[in-house]
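To keep things clear, I will list the structure first and then write my remarks on it.
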Amino acid sequence: MNLSSPVDPVAIARDLVRCPSVTPAEGGALRLLAGMLEEIGFEVHRLTFSEPGTADVDNLYARIGSGSPHLVFAGHTDVVPPGEPGSWTHPPFSGAIAGDELHGRGAVDMKGAIACFVAALSDHLAARAGRPAGPAGAGQPAGTVSLLITGDEEGVAVNGTPKLLQWAAERGIRFDHCLLGEPTSAEALGDAMKIGRRGSLNGTLVVAGRQGHVAYPQLADNPIRGLVTLMSRLMAEPLDHGTAHFDPSHLEFTSVDVGNPTVNLIPAEARARFNVRYNDRHTQDSLKRLLKIRCREAAGDRIRYSLEFAPSNSEAFLTAVGPFVELVIGAVVEVTGRTPKLSTSGGTSDARFIKNYCPVVEFGLVGRTMHQVDERVALADLAALTAIYRRVLDRYFGYPPH
Ligand SMILES: [Zn+2]
């Protein structure tokens, strides 16, 4: 199969990697992207959002065409810090091409995928216009294509995708489907895509006791005993046994603290923090209820405790397996020969915000080196992902017509 694209995704990815866009810095990445999109006929909006207590973040919304169907490609140009640059084989923002790989922070998560989508889009629009791809070659899509690119995915995600979506909704912009370019492939390009994500909930358990001398325990009330009892109860039984597309929900304690520097003191209070990654059997509210019941049962009237939950905007969700999911699967199979596993594993992504507006599917590069030293992507994978995105665009917009 000929995977070559007249617009080179490797060059775009390399140029994006050279922008040091560690969250929340824009680093020139959105400026570069805006320039490329304007050249092929996009209307581009650069949007800076702020909120007290968080850094201002630059974002981009670009669109071409009109009417339906409306496909939006979502992604982020921000990257996690590189750590100690000296530990990289090639400097993290050099965009070095060594052998058959492009090296650098963001190569797979996820500047590479953005480059592939822009290349695929240029090809698709040029093909529709019957012209060679490039600045002068772009035609219009048979509907609307948008890009929703944030600079705040790897950070607190406050001034990014949620506000971009809200901004678009306020202007009457409606999306039919979203393709999110996160690195979803596990070992080989095309082996997995994501059709949902688990929810995430953080909680704190605090048990109150009475401080005292360790040699006179009868005069004190050690809260550690109570905390251990409640923790055991929360860990004892699974929260569920998984669902059709999800693993079982899981509660994991992340910290246990009494803050006691001495050896002869029974502390007055003991606390533990935990995180739950949960599936579509639960909502946050039902999960909180379940955990409260378990604590209440274990505590009886002996243990004085409080159970608090941090605010969370990460509900579990699942995109129904329908024509759009099938379309993306078909494009992946055609280019790679692999049938992607429909996964919901891993951490949260901005799909948790997008799913409130339209169905969202995540498909992108192999994530093996993401967030690591020597993050890198195979040049062949950039070519293949471009071919996949091109097929998604062609099929979505019924090109070539028949
Ligand atoms: Zn990412």
Looking at (1) hydroxyl-bearing (Ser, Thr, Tyr); (2) more than 15 Å from the ligand (Cβ to nearest atom); (3) open to solvent by 10 Å² or more (accessible area, probe 1.4 Å), which is the one condition that is false for Thr369? (2)
Quick one: Val80 ticks every box in (1) buried (at least 23 other Cβ atoms within 10 Å of the Cβ); (2) within 15 Å of the ligand (Cβ to nearest atom); (3) hydrophobic (A, V, I, L, M, F, W, C) bar one, so which box is it? (1)
So for segment 46-62 (the condition being crowded, with 18+ Cβ neighbours inside 10 Å and within 20 Å of Thr386 (Cα to Cα)), does at least one residue qualify? yes
Within segment 106-128, the residues that are touching a Gly at 6+ places or on another chain (Cβ under 7 Å) and within 16 Å of the ligand (Cβ to nearest atom) are Val108, Asp109, Met110, Ala113, Ile114, Phe117
May I ask you to list the residues in segment 93-108 that are closer than 16 Å to Cys19 by Cβ and open to solvent by 10 Å² or more (accessible area, probe 1.4 Å)? Phe93, Ser94, Ala96, His103
Exactly one of Gly65, Gly27 is within 16 Å of the ligand (Cβ to nearest atom) and at positive phi, and that one is Gly27
For segment 248-272, name all the residues that are charged (D, E, K, R) and buried (at least 17 other Cβ atoms within 10 Å of the Cβ). Glu269, Arg271
Can you confirm whether Gly398 is at pLDDT below 95 and either under 24 Å from Pro69 (Cα atoms) or assigned to a loop (DSSP other than H, G, I, E, B) (or both)? yes
Of Ala383, Ala316, which residue is under 24 Å from Thr161 (Cβ atoms) and away from the ligand (no atom under 16 Å from the Cβ)? Ala316
State which residue is farthest from Ile195 (Cα to Cα) when the search covers only segment 279-309 and only residues that are without any contact (Cβ under 8 Å) to a residue 12 or more places away in the chain and open to solvent by 90 Å² or more (accessible area, probe 1.4 Å). Asp301
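Here is a yes/no grid of residues against (1) in contact with a Ser or Thr (Cβ under 6 Å, 6 or more places away or on another chain); (2) not β-branched (Val, Ile, Thr):
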residue: Pro311; (1), (2): no, yes
residue: Val328; (1), (2): no, no
residue: Val333; (1), (2): yes, no
residue: Gly337; (1), (2): no, yes
residue: Phe353; (1), (2): yes, yes
residue: Glu362; (1), (2): yes, yes
Mind checking which residues of segment 345-361 are open to solvent by less than 10 Å² (accessible area, probe 1.4 Å) and either in contact with a helix residue (DSSP H, G or I) (Cβ under 6 Å, 6 or more places away or on another chain) or assigned to a helix (DSSP H, G or I) (or both)? Asp350, Ala351, Ile354, Val360, Val361
Here are some residues: Val276, Val335. Which one is in contact with a helix residue (DSSP H, G or I) (Cβ under 9 Å, 6 or more places away or on another chain) and either without any contact (Cβ under 8 Å) to a residue 24 or more places away in the chain or in a helix (DSSP H, G or I) (or both)? Val335
Flagged in segment 159-208 as within 16 Å of the ligand (Cβ to nearest atom) and touching a Cys at 6+ places or on another chain (Cβ under 6 Å), in numbering order, are Cys178
When you look at Ala215, is it away from the ligand (no atom under 16 Å from the Cβ), among the small types (Gly, Ala, Ser) and not in a loop (DSSP other than H, G, I, E, B), yes or no? no
Any residue that is within 25 Å of Arg281 (Cβ to Cβ) and touching a strand residue (DSSP E or B) at 6+ places or on another chain (Cβ under 9 Å) - is there at least one of those in segment 165-177? no
Here the residues within segment 36-62 that are of a type in the set (Asp, Glu) and either within 16 Å of the ligand (Cβ to nearest atom) or in a strand (DSSP E or B) (or both) are Glu43, Asp58
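Residues checked against (1) more than 20 Å from Gly160 (Cα to Cα); (2) touching a Gly at 6+ places or on another chain (Cβ under 9 Å); (3) not hydroxyl-bearing (Ser, Thr, Tyr):
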residue: Asp8; (1), (2), (3): yes, no, yes
residue: Arg31; (1), (2), (3): no, no, yes
residue: Glu38; (1), (2), (3): yes, no, yes
residue: Thr54; (1), (2), (3): no, yes, no
residue: Ser94; (1), (2), (3): yes, yes, no
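The values are calculated or read from the model by the stated rules, or taken from the named source; none is laboratory data. Note that the structure is predicted; figures quoted are calculated from it, not measured. Cβ coordinates were reconstructed from backbone atoms using ideal geometry, including for glycine residues, and neighbour counts include every protein chain displayed. Side chains are part of the model used for accessible areas, which takes the heavy atoms of the whole protein and leaves out ligands, DNA and RNA. Shrake-Rupley method; radii C 1.70, N 1.55, O 1.52, S 1.80 Å.
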